[in-house]
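Notes follow the structure.
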Amino acid sequence: MAEYDYDVLVIGAGPGGYVAAIRAAQLGLKVACAESRETLGGTCLNVGCIPSKAMLHASEFFDAAKNGAMAEMGIETTPKLNLDKMHDQRLDAVDGLTKGIEFLFKKNKVDWKKGHATFQDAHTVKVGDETVTAKDVIIATGSSVTPLPGVEVDNDKQVVVDSTGALQLAKVPQKMVVIGGGVIGLEMGSIWNRLGAEVIVVEFLDQLLPGMDGDVRKEAAKIFKKQGMELRMKTKVTGCTVKGKKAVLTLEPAAGGEEETLEADCVLVSIGRRPNTEGLGLENIGLEVNQRGQIETDHDFRTKVDGVWAIGDCVPGPMLAHKAEDEGIACAENVAGQTGIVNHDIIPGVVYTLPEFAGVGLTQEEALEKFGGDKAKIKVGKFPMMANSRAKTNHEPDGFVKVIAEAESDRVLGVWCINNVAGTMIAQAAQAMEFGATSEDIAYTCHAHPTHSEALKEAAMAVQGKPIHV
Ligand code: FAD
Ligand code: NAD
């Protein structure tokens, strides 16, 4: 131990980094974790997953009271929005959970080094004014908002904001333009739409939610329109000027054409995120990033530099907290000489709107491509939520569950769901796929009644053409 201050130094305390640090400590290693933010938990706990879900959850209740969903069940009320209080409960959630990580660090004897970390060499890292040496270094620096040229974000002014700014708007905008119809745009757009804003989503592509199954993307457009959002597809934003409390955007068809302007009192830029790999001193250790700024690793999360590992949003793959966490655990196990593995083919993705959109494995399009476009090689079973007794009883008719299986082996290749508990339901599908389940395995598993999950069973039965309730 004399040679280095620590066995492991983790850079970044997001879900990738803090989980890696804790697992490495659990495995008996001496661990430090460098974090430049004032609190632990990274993007996810501070300005991402957690605060967005706090606002989604609260706004869901407001909307249910306002749009008549509660009245339908005999609860008559006229809601009054106290936005400050809604923000307070968001901040409470963030505070409680970030302090929870601090507690876990203390419990597991992980030393928190406060400050920005820069490599001096592969085993020496400057953190603020301190120099820390470690036998192994795990880079878990996460990602930040991708800027849109010509549309300058200023979260303080609250006119043109990114996701962090959109979480903390002091008042409900009258008209909000969301640039990018991906996960952030639709989650944030839903929050402010529910609280009373007119929301217009401007999306470059012809469909929302890139990466999701084609049927899911089509249905998403119908659902969000029904909820009152205006969707401007195949459109790009070419510029933005801010005058006082108003922004004026210039738009053009994605393929080029006549320009138009659109005025809004809030504009959200949500066109993706990019890895945090600048300012880390990677040049000092001879580690190059790829064209997207990501650090490439092998299957064990080793970079090309001996003793330097990387995980989470700063490496290729979906930018998701649970993917970062699983990589954190596996990487720490590999550093400790064990065998840590992540099955990147089975990473669920969830959009936490209402209904929720969730999927795992291959989309129908990807499954077809895998078999050279031969439709006979795959089987698809689909079951509408309208025919699920629990969803129907709860007045939640929107959505479906879809199971895609390989025709010959019946092995499940992908599962896609739209319903109010899709984010929870998808765990069952992921676990089944992890165990190599066939659609028959799911169809013959007893599912409790009445639950939304019965729709997954029925979709699996539909793969063989024999669902009961449709
Ligand atoms: P991060 O969480 O980004 O953490 C990296 C940390 O490293 C940061 O705290 C940063 O300050 C620190 N750091 C960076 N460079 C240095 C340095 N040189 N020195 C010291 N510290 C450094 N994902 C989901 O799965 N579910 C969701 O519901 C979800 N919702 C989201 C909502 C929003 C609004 C956003 C923006 C993201 C959301 N995500 C969600 C994505 C999720 O937050 C990320 O995938 C996840 O946080 C990545 O974890 P990470 O550990 O790789 O990086
Ligand atoms: P995204 O990639 O999900 O969506 C960005 C959208 O913007 C795409 O549809 C893209 O076509 C569109 N776009 C790109 N350039 C454009 C332009 N100039 N004009 C109009 N549209 C344009 O990115 P995001 O929504 O910013 O989210 C970033 C990351 O954060 C995602 O990778 C996501 O995984 C993660 N995240 C996850 C969750 C969740 O798991 N629930 C929630 C929020 C964020």
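Taking all protein chains as present, what is the carbon and sulfur share of the accessible area of the range 124-197, in % to the nearest whole number, probe 1.4 Å?
50
What's the tally of Lys pairs in the range 349-463 whose alpha-carbon atoms lie under 20 angstrom apart, where the two lysines are 8 or more places apart or on different chains?
12
Taking all protein chains together and a probe of 1.4 Å, list 217, 37 from the most accessible to the least accessible.
Ranked from most to least accessible, the order is 37, 217.
In Å and from the alpha-carbon atoms only, list the Rg and Dmax of the chain.
My reading of the Cα-based Rg and Dmax gives 23.5, 70 Å.
Once you have the Cα-Cα distance between residue 81 and residue 263, take 0.36 nm times their residue separation minus that, and quote the gain in nm to one decimal.
This chain segment gains 63.0 nm when fully extended.
Summarise the accessible area of the range 200-240 (1.4 Å probe, protein heavy atoms) by the percent that is carbon and sulfur.
Here carbon and sulfur together make up 50 percent of the probe-accessible area.
For residue 291 and residue 250, FRET efficiency with R0 = 51 Å and r from the beta-carbon atoms, rounded to 0.05?
That pair, residue 250 with residue 291, gives E of 0.95.
Hey, could you get me the Stokes-Einstein D for the range 1-146, Kirkwood radius over alpha-carbon pairs, 25 °C and 0.890 mPa s, rounded to whole µm² s⁻¹?
142
Can you tell me the accessible area per residue over the range 160-271, all protein chains present, probe 1.4 angstrom, in square angstrom?
Result: 40 Å² of accessible area for each residue.
Once the other residues with Cβ under 15 Å from the Cβ of residue 122 are scored (Lys, Arg +1; Asp, Glu -1), what is the net sum?
Within the 15 Å Cβ shell, the charges total -4.
Using a 10 Å cut-off on Cβ atoms, rank the peptides 324-332, 63-71 from the highest mean neighbour count down.
324-332, 63-71
Relative to 2.2 N^0.38 Å, what does the C-alpha radius of gyration of the range 392-447 come to as a ratio? Two decimals please.
Normalised by 2.2 N^0.38 Å, the Cα Rg of the range 392-447 equals 1.20.
Where the accessible area of the range 289-445 is counted over protein heavy atoms with a 1.4 Å probe, how much of it, in %, is carbon and sulfur?
48
If you roll a 1.4 Å probe over the heavy atoms of the protein chains, what accessible area per residue do you get for the range 349-463, in Å²?
Dividing the accessible area of the range 349-463 by its residue count gives 43 Å².
How large is the helix-only mean residue ellipticity at 222 nm for the chain, computed as the sum of -39500 (n - 2.57) over DSSP H runs with n ≥ 4, divided by its residue count, in deg cm²/dmol to the nearest 500?
Helices in the chain give a 222 nm mean residue ellipticity of -9500 deg cm²/dmol.
Label the range 160-271 by shape, choosing from rounded, prolate and oblate, from the square roots a ≥ b ≥ c of the eigenvalues of the Cα gyration tensor; if a/c is under 1.5 it is rounded, and otherwise prolate applies when a/b is larger than b/c, oblate when it is not.
Oblate, since a/c reaches 1.5 and b/c is not below a/b.
The values are calculated or read from the model by the stated rules, or taken from the named source; none is laboratory data. Source: prediction; values computed, not measured. Positions of Cβ are backbone-derived with ideal geometry, glycine not excepted, and every protein chain shown enters the neighbour counts. Ligands, DNA and RNA are excluded from the accessible area calculation, which covers all protein heavy atoms including side chains. Shrake-Rupley method; radii C 1.70, N 1.55, O 1.52, S 1.80 Å.
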